[in-house]
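The values are calculated or read from the model by the stated rules, or taken from the named source; none is laboratory data. Keep in mind that what you see is a predicted model, and the values were worked out from it rather than measured. Using ideal geometry, Cβ is built from the backbone for each residue, glycine included, and neighbour counts are taken over all protein chains shown. Protein only, heavy atoms only, side chains kept; ligands, DNA and RNA dropped before computing areas. Shrake-Rupley method; radii C 1.70, N 1.55, O 1.52, S 1.80 Å.
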Amino acid sequence: MDGTEPESSGDAAPSLTLAAVEGLTQIAQSEWDAIANPDGAESDPFLSWNFLQALEESGCVGGETGWMPHHLTARDEAGGLRGALPLYLKFHSQGEYVFDHGWAEGFERAGGRYYPKLLTAVPFTPVTGRRILAPDAPVRRALIGGMIEAARQWGVSSWHVNFPTPGEWADLGEAELLQRIDRQFVWHNRGYGSYDDFLADLSSRKRKALRKERASAQAGLEIEHLTGADLRVEHWDAFFACYQDTGARKWGRPYLNRVFFELIHQRMADQVLLVLAKRDGRYIAAALNFLGSHALYGRYWGLLEDHPHLHFELCYHQAIDVAIALKLDRVEAGAQGEHKLARGYRPQPVYSAHWIAHEGFRHAIADYLEHERPAMLADIALLDEKSPYNISD
């Protein structure tokens, strides 16, 4: 892809050179962050150079992980970085949270080769955010077109874009990528001044249930919130022990290693909120959150001792407490989990887009998605009818 210069269009992009780089150390941090989190946009900690490069430096991606960094850059004639795509050559479909295992199995049963594929996403992070990193629309279009051409040249089966913004999803659809919808549960702050204000929006029965749940979860425990300079090595050690225990049971092998969390501590401590539960002087559970300018993002949790309702308390209720205190717009608590609904998290669509090289395979997936999209939207509407809120929107 090195040296490609897209043709100009009506609202012309500057002459651009598109090239792939095998790691963020080849891009200056200031350059990357200027396009990943531009001035005036909602800040996204997961798109930052600090976060993505920590994944590479720690070995969580690269090497034998099946995630090979291959970021696509667009530079102008003066060498300035005008846009980029976070991009990975993938040799499996783990850690993506948009499930295409069935597509892979079907294509390979038919004699095709699904892997390697290309993925634009934040590894191990099912959070909606910008994926076509360019402030200017002509540059975004050039990146999309250049990426499709690169996928053809590299001979991969497919290019996937996971958790783009709704606007990017529409742009990718216009570029004839196949469009997919899934759902997540998000808590929205309606200007609450306290957790009790939030409870007042719920039905009486739900208010009582959540108060009882929180009292049970907190019984006999101390709960700490730690961020910035208050975070110390022993806190990360406690979190990592919890994360390893739960991650091993959920995935067989946790995706992230201790080196990654040490780098995050060094680089991003002010954007981290660690919620820890302690019993008799010993940490028994922990939840790791990241702070954006408008949202709190719940990412990883684990526990070493069973305790009633502790998962709900640390991951959902405490997150709401913090979002209210910091006046954040929302809490995004990760993928899946209909149990979030009863705790005030409402279903909403999330998106992905897919370019498929093989024409017949593309038609088969397109037909599947034509049926899946309305079914998913109907599911979201049905779930929202079960919302515990007693007010109309």
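Scan the helices (runs of 4 or more DSSP H) fully inside the range 198-309 and keep the ones with 2 or more residues being under 20 Å from the mean Cα position of the chain (by Cα). Counting at least 2 such residues, we get 233-251, 258-268.
Would you mind stating whether LEU296 is modelled with pLDDT of 95 or more, buried (at least 19 other Cβ atoms within 10 Å of the Cβ) and within 27 Å of PRO38 (Cα to Cα)?
Working: modelled with pLDDT of 95 or more: yes; buried (at least 19 other Cβ atoms within 10 Å of the Cβ): yes; within 27 Å of PRO38 (Cα to Cα): yes.
Against the criterion (modelled with pLDDT of 95 or more, buried (at least 19 other Cβ atoms within 10 Å of the Cβ) and within 27 Å of PRO38 (Cα to Cα)), LEU296 qualifies.
So in the range 343-360, with the set limited to residues that are in contact (Cβ under 8 Å) with a residue 40 or more places away in the chain and small (Gly, Ala, Ser), which one is farthest from LEU87 (Cα to Cα)? Step through it out loud before you land on a result.
Taking the range 343-360 as the starting set, the residues that turn out to be in contact (Cβ under 8 Å) with a residue 40 or more places away in the chain are 343-358.
Add one more test, that the residue is small (Gly, Ala, Ser), and what stays is 344, 352-353, 357.
Numbers: GLY344: 34, SER352: 14, ALA353: 14, ALA357: 17 Å.
Looking at the filtered set, the residue picked out is GLY344.
Residues in the range 28-42 that are in a helix (DSSP H, G or I) and either within 18 Å of GLY79 (Cβ to Cβ) or open to solvent by 40 Å² or more (accessible area, probe 1.4 Å) (or both): GLN29, SER30, GLU31, TRP32, ASP33, ALA34, ILE35.
Of all residues in the range 173-187, those that are surrounded by fewer than 18 Cβ atoms within 10 Å (Cβ to Cβ) and either out of contact with any helix residue (DSSP H, G or I) (no Cβ under 7 Å at 6 or more places or on another chain) or β-branched (Val, Ile, Thr) (or both) total 3. Considering ALA378, ALA364, the condition of being farther than 27 Å from ILE144 by Cβ and open to solvent by 30 Å² or more (accessible area, probe 1.4 Å) is satisfied by ALA378 alone. Scanning the range 316-332 for residues that are open to solvent by less than 20 Å² (accessible area, probe 1.4 Å) and either closer than 14 Å to ARG343 by Cα or free of Cβ contacts under 8 Å to residues at least 40 places away in the same chain (or both) returns TYR316, HIS317, GLN318, ALA319, ILE320, VAL331, GLU332. Here GLY334, GLY360, GLY344 are screened, and the one residue that is modelled with pLDDT under 95 and of a type outside the set (Ser, Thr, Tyr) is GLY334. Pairs linking a residue in the range 107-136 that is within 17 Å of GLY62 (Cβ to Cβ) and in contact (Cβ under 8 Å) with a residue 12 or more places away in the chain to a residue that is aromatic (Phe, Trp, Tyr) and open to solvent by less than 10 Å² (accessible area, probe 1.4 Å), with Cβ atoms under 6 Å and 6 or more positions apart or on different chains, are LEU118/TRP159; LEU119/TYR88; VAL122/PHE46; PRO123/TRP67; THR125/PHE46. So for the range 221-244 (the condition being under 22 Å from GLU313 (Cβ atoms) and basic (Lys, Arg)), does at least one residue qualify? Scanning the range 221-244 turns up no residue that is under 22 Å from GLU313 (Cβ atoms) and basic (Lys, Arg).
Within the range 127-184, take every residue that is part of a loop (DSSP other than H, G, I, E, B) and touching a His at 6+ places or on another chain (Cβ under 9 Å) and give me the one that is nearest to GLY112 (Cα to Cα). Among residues in the range 127-184 that are part of a loop (DSSP other than H, G, I, E, B) and touching a His at 6+ places or on another chain (Cβ under 9 Å), the one nearest to GLY112 (Cα to Cα) is SER157. Within the range 80-114, the set of residues being open to solvent by 30 Å² or more (accessible area, probe 1.4 Å), hydrophobic (A, V, I, L, M, F, W, C) and more than 23 Å from VAL259 (Cβ to Cβ) comprises PHE99, ALA110. Applying the set (1) open to solvent by 60 Å² or more (accessible area, probe 1.4 Å); (2) assigned to a strand (DSSP E or B) to GLU77 leaves exactly one unmet item: (2).
Evaluated against (1) open to solvent by 60 Å² or more (accessible area, probe 1.4 Å); (2) modelled with pLDDT of 95 or more, ASP11 falls short on exactly one condition, (2).
Checked against the criterion of being assigned to a loop (DSSP other than H, G, I, E, B), at pLDDT 95 or above and small (Gly, Ala, Ser), the range 84-94 has at least one qualifying residue. Taking the range 193-207 as the range and being under 16 Å from ARG346 (Cα atoms) and aromatic (Phe, Trp, Tyr) as the test, only PHE198 passes. Looking at the range 139-158 only, could you name the residues that are touching a strand residue (DSSP E or B) at 6+ places or on another chain (Cβ under 8 Å) and either polar (S, T, N, Q) or open to solvent by 60 Å² or more (accessible area, probe 1.4 Å) (or both)? Within the range 139-158, ARG140, GLU149, TRP154, SER157, SER158 meet the criteria. Need the failing condition index for PHE312 against (1) under 20 Å from ARG343 (Cβ atoms); (2) over 16 Å from the mean Cα position of the chain (by Cα); (3) at pLDDT below 95, just the number. Result: PHE312 fails condition (3) only.
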